Each structure stands twice: as C-alpha cells, then as structure tokens.
1. Can you tell me the length gained on complete extension of the stretch Gln313 to Asn142, counting 0.36 nm per residue apart and subtracting the Cα distance?
2. Against the 2.2 N^0.38 Å scaling, with N counting residues, where does the chain land? I'd like the Cα-based Rg ratio to two decimal places.
3. Please report Rg (one decimal) and Dmax (integer) in Å for the Cα set of segment 170-272.
4. Nearest 0.05, what FRET efficiency do Asn281 and Ser192 give at R0 = 60 Å with Cβ-Cβ as r?
5. For segment 112-189, state the semi-axes of the equivalent ellipsoid (square roots of 5 times the eigenvalues of the alpha-carbon gyration tensor), sorted largest first and rounded to whole angstrom.
6. What whole number of Å gives the distance from the Cα centroid of segment 121-163 to the Cα centroid of segment 1-39?
7. Can you pick out the pairs among Lys90/Lys204; Lys386/Lys406; Lys160/Lys233; Lys60/Lys214; Lys341/Lys386; Lys158/Lys382 whose Cα atoms lie more than 31 Å from each other?
8. At 0.36 nm per residue, minus the direct Cα-Cα distance, what do Glu390 and Asn203 gain on full extension? Give it in nm, one decimal, please.
Amino acid sequence: MINRCKPYINFKDVISSIQNIDELTYDPINKFEREVASYIGSKYALGVDQGRTALIFGLKALGIKSGDEIIVQSLICQVVIDAIIEVGAKPILVDNNIFNYNILINSIRPLISKDTKAIIVAHLYGATTAMDEIIEIAQENNLYLIEDCAHILGGKWKGKMAGSFGDIAFLSFNFDKPISTGSGGMVLVNNSELIPNFEIYRNKVNRVELDIDKNYVFALLIQHTLTQKENYKQTLSIDFGKNIINKYTQLSETINNNLDYITNENDLCKLVEPYYRKEMNFFLMKRVQSFIKIGYNKLQRMDEVLYDKNWNQSILMNKYRAQTGLINLKNIEKVNEFRNKNANIYVELLSDNESYSLPEYSSEIEPAFLRYTILAKKIETKSIFKLSKERGFELGNFNWFAPVHKLNRYSTFRSTEMNKLENSEYISEHMVNLPTHYYVSEDNMFDICSILNNISRC
Ligand SMILES: Cc1ncc(COP(=O)(O)O)c(C=O)c1O
C-alpha cells in the first residue's frame, strides 16, 4: 500500500552516520542548526525534542504568560493549543479560509484585545500564508508574529522563505513532516533582539540522553521500512516505530548490534518483523477488548488526548538526530521539486471534476507541497478512505478530523456568535489529503485520480 505521508530518507547514509558519529570532525547539532537557519534565512536556531517543545520554548522566551491571549487558527494541530495553554496563555481561535485552508486574515483584527500578545500562523500542507497583511496587523498592534512551519520547509511568499517572516518560527521533524529525525523540532529566531532570551532558556535545559536520541533515529528507520510500499499492508500510526522501539528494549539492542549488516531496508525489516507482529497482535487484542467493553462510538479519535507533557529538563536535540537531520536536509530541494510536480499532476487530473474543490493560490505563493489537500464536496470522505485502501492507497483526512473548537477538551474556547469558525468545520469534514511524497510514482497518481474520478460518478 502507498503510505499517506513519508519523508525522503537516505537509508544508507543514516545507518553509516550512526556507526561513525564519534569520528565526525564537526559538531552535528551546531551544524544542523546553522544549516537550517541559513536555508530559511533566520538569525538563530535551536534543535529540540519536538515541534511542540519548540513552540513552548519560543513562547517562554517571548515572555508569554498567564492572562495573555494568542490568536491562532482553529484548524491546526491540537498540540499547538496545548503549548499555548501550557504557558498559561489563552488561545483565541480564528477561522481558516476556505480557498487554501490557511488562517482567515480578515477575521483577525476584530479579535485583538488589550491582552493579545501574539498571532500564530500555520502554513498548512506546505503552502505559505499570504504574509503582507498579517505582518501589518502584527506591527500596528505591537504583537509578536509566530510562524508554525511544521508542514513547510522551502515554501515561499513573494520569493522569501516561510519561517523568515515571524519574530520566531518553529519546525517539526516528526515522520509526517518535510524532513524527519524520527521526532524533533526546531525553533527559529528572526528578531535578533530576542536571541539573548533564547540563550537564557537554552542554558536552563539539557540535551536528550544519547541513547534516547539514537532510539529516535532507529524509530525513523523502522517507520520508513515498514511504510515502504512492499511492506505496508495495514495502516500504521506515525508513531508506530517510536512505540515499538520504546516498548521492546531488545529491538534497539538488536539493531545496534547488527548495524554492520544492515545494508538496506530489507535487512532491517527482517530484524523488526517479530516485534511488528507482536505489536500488531497486541493492538488487535486491545481493540477487541475495548470494543467489547465500551462500544464502537467511544473509539472515535476526536477527543483523544494526544499531548504528552514534554516540558521537562532534557529537551535539546542530541547528535544522532542532528546528523540525521543534516543528511535529510541535503535533499530538500530535490524532494520539494518532486512534491510540487506531483501536486501539479493532481491539478491536471482532477480540476475538471466538479465533485472536488481544489485549493487556490495566488502567484505570490510558492508552495512546497507536503500533501495536496482537496475538498470532496459531494462524497463522504470515509468512503474515499475505504475504497482507496482496498486499492492500495491511503487517501483521506489525516489532518484533522475536527477543528480544535469542536473538541470537548477545548470547550472553554468555543466560538462565539461573532466568530463562527464555519470554514474550519467545513474543511475538516470534507478534506482529502493526497500524497505528494517521494515514494509515489506517476502511475500511482494516475490510479489515485482514477479512483477519485470514478467514485464521484457512482
Ligand atoms: C501544523 C502543526 N503544528 C505543530 C505540530 C507539532 O509538531 P510535533 O508533533 O513535532 O510536536 C504539528 C504536528 O503534527 C502540526 O501538524
């Protein structure tokens, strides 16, 4: 089956870097931070444990505190909201625009109050938000501007990189992101006055232990191997690799002891196979048990608590992940070109079909498509997911089943009459994410579009 999301991985180089890390003549952490900062055009970068940690770090360094308000779009990853709450601030939710799913800019101004301190804009699915007016709003109201670049690395607005506009920006290096280190994040600083604050916080925290850091890279390689189309039979969560490496300590030892013999994905697959089977059986049993106990409806994912509090003392990235990030960063331009070419194929093959609406981008937006996201106007997205899975593809809504204001745990931030957030609800109900990654072939895309075109005729 073709996986819904997959970063490009140079498998051999990553394996060899793990073996030879002590012989490096440079500090990979510093080099990774400098290379990402220089690619984006930022003045400072700090590699951390996850994207959410990068945001919490940034909010603390900006001095955001209890009682402050932060304006943020409602269709976004819920850990962004958790990060805001974690520092004591209040998220003020704004709608997304229906044309390309980013923040609805003309809804921002009415939400600004004396307590507003920042605006967060996320460049969803790899397409940049139109930045001019947002920068103007932030400047006029003396607000910090924060860019959520979890979905974008290399996309531009008016020729300038996403991530270089805000006072700060942050990246995620999770598995379903433009480049991956297994798990990871980076905070970027563009406003140089803020750098001393980042240095203060940096000195208060430690690096993730080396063994744990290395396990994240193993998790990446496992996830990559299990989601290669030859091996990928059953939908796996993006954390599957992380979960099994944490759960079965023997697996990590086995990989470590066999690094000399792992020359390709097949070699690793053989080592992982017994643990994969064990975990799948365990998962199946757990599902059956909870099905019997609580009934199907309770298994819906909407209110699942996803945020594990990650703000502890060991949050800085260590050298295994940094070196892996460096290797993967080398290919970013090639991969982005590929992703954009793939998105264009979807445009060509789907734009005449009135059952779908395709995103619209002004000529100033140069995306680097992490996924190509369309809206199914007349067909249930669940049927698309079911049918496409039978044909060997994962097409459906993978971000997100509901905007955050619809989740029970954020009920206190529900919309008011004035601020209805209707677009974000419509988008989440109708969205279908199509894969643009490096491992989707042109033939795959023809098949995907023929599934989408045929289903709309039924
Ligand atoms: C738009 C967006 N922002 C932030 C994050 C948080 O990143 P992380 O999972 O690395 O904490 C995600 C994660 O999926 C995301 O999709």
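1. Numbers: separation 171, 0.36 × 171 = 61.56 nm, distance 3.16 nm.
Stretched fully, the Gln313-Asn142 segment lengthens by 58.4 nm.
2. Details: Rg = 21.4 Å, N = 458, 2.2 N^0.38 = 22.6 Å.
Normalised Cα radius of gyration, the chain: 0.95.
3. Over segment 170-272's Cα set, Rg and Dmax evaluate to 16.7, 51 Å.
4. Numbers: r = 54 Å, r/R0 = 0.90.
It comes to 0.65.
5. Details: eigenvalues 112, 39, 16 Å².
Sorted largest first and rounded, they come to 24, 14, 9 Å.
6. Here the answer is 26 Å between Cα centres.
7. Lys160/Lys233; Lys158/Lys382
8. Working: separation 187, 0.36 × 187 = 67.32 nm, distance 5.15 nm.
Extra length from Glu390 to Asn203 when fully extended: 62.2 nm.
Rule-based calculations on the coordinates, nothing more; no lab input. None of the values given here were measured: they were computed from a predicted structure. Backbone-built Cβ (ideal geometry, glycine too); neighbour counts: all protein chains shown.
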